[in-house]
1. In the range 39-52, which residues are in contact with a Ser or Thr (Cβ under 8 Å, 6 or more places away or on another chain) and in a helix (DSSP H, G or I)?
2. So which residues in the range 78-97 are modelled with pLDDT of 95 or more, open to solvent by less than 50 Å² (accessible area, probe 1.4 Å) and in a helix (DSSP H, G or I)?
3. Can you pull out every residue in the range 1-29 that is surrounded by 12 or more Cβ atoms within 10 Å (Cβ to Cβ), of a type outside the set (S, T, N, Q) and modelled with pLDDT of 80 or more?
4. In the range 53-71, which residue that is open to solvent by 70 Å² or more (accessible area, probe 1.4 Å) and part of a helix (DSSP H, G or I) is nearest to Val35 (Cα to Cα)?
5. Exactly one of (1) modelled with pLDDT under 95; (2) assigned to a helix (DSSP H, G or I) is unmet by Leu100. Its number?
6. Pick out the one residue from Leu75, Leu37, Leu100 that is within 14 Å of Ile135 (Cα to Cα), touching a residue at least 12 places away in the same chain (Cβ under 8 Å) and surrounded by 15 or more Cβ atoms within 10 Å (Cβ to Cβ).
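The values are calculated or read from the model by the stated rules, or taken from the named source; none is laboratory data. These figures come from a predicted structure and were not determined experimentally. Virtual Cβ from ideal backbone geometry, glycine too; neighbours counted across all protein chains shown. These area figures cover heavy atoms from the full protein model, side chains too; ligands, DNA and RNA do not enter into them. Shrake-Rupley method; radii C 1.70, N 1.55, O 1.52, S 1.80 Å.
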Amino acid sequence: MNSTLNIAPDNLTLAFQPIVRIVNEDTFEISDYEVLLRSKDKKSFPAAIFEKIVNNESCNQMFWEWFTLEIKKVLTDKKVRVDINIDPHQFLYQSTWDFLDKMVEYNQQITIEITERVSQELNLEKGLIDTVKHIKDLGYRVALDDISSGQYSFKVVQENIKGIDRVKLSLLIFKVLCQKGLMPKF
């Protein structure tokens, strides 16, 4: 393996952040878990490694091979549902689609969460619509991450509403509202 392409999967781990559904004002339940990529040593998002992954097909392929082994360990419990973040740029690589094809047996347990990062190569209007449709055709649920930040606006949601199962709002909009005194601080 070329060391310049080595993404050091032995230093990567997955963390699972609960996503809760509010049942009523006093009760909530865990509906699924967002899968977060972390470095084992720093316990934080491995930004430098992730840049290699999203900017190189070989690194992206190595990542998905490692990720497949790790996530299947969790998905053996059929009651577990997970949200898998995918950077829009990764959809330009065949290895991402190969990963989704390999994981189709778990599609009822997986939501594909398309992250907010802007990809110059993935045309937002046509590319996103086609990407969402392809993911849905494979039987996965689709979420858009951090609406109102990055590349996603409410207009993008409206244009893709038929294929989107969940939207996640950016907390930045709430921070601005709190600063303006239009909303209580949390």
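1. If the condition is that a residue be in contact with a Ser or Thr (Cβ under 8 Å, 6 or more places away or on another chain) and in a helix (DSSP H, G or I), then Ile49 is the only one that fits.
2. Across the range 78-97, the qualifying residues are Ser95, Thr96, Trp97.
3. Going through the range 1-29, the residues surrounded by 12 or more Cβ atoms within 10 Å (Cβ to Cβ) turn out to be 5-9, 11-16, 19, 28.
Among the residues that remain, those that are also of a type outside the set (S, T, N, Q) are: 5, 7-9, 12, 14-16, 19, 28.
Answer for the range 1-29, where residues must be surrounded by 12 or more Cβ atoms within 10 Å (Cβ to Cβ), of a type outside the set (S, T, N, Q) and modelled with pLDDT of 80 or more: Leu12, Leu14, Ala15, Phe16, Ile19, Phe28.
4. If we filter the range 53-71 for residues that are open to solvent by 70 Å² or more (accessible area, probe 1.4 Å), which is where we start, we get 55, 61, 65, 69.
Imposing the further condition that a residue be part of a helix (DSSP H, G or I) reduces the set to 61, 65, 69.
Details: Gln61: 18, Glu65: 16, Leu69: 14 Å.
Step by step, filter the range 53-71, then rank; the result is Leu69.
5. All conditions pass for Leu100, except number (1).
6. Working: Leu75 fails: within 14 Å of Ile135 (Cα to Cα); Leu37 fails: within 14 Å of Ile135 (Cα to Cα).
When all the criteria are applied, what remains is Leu100.
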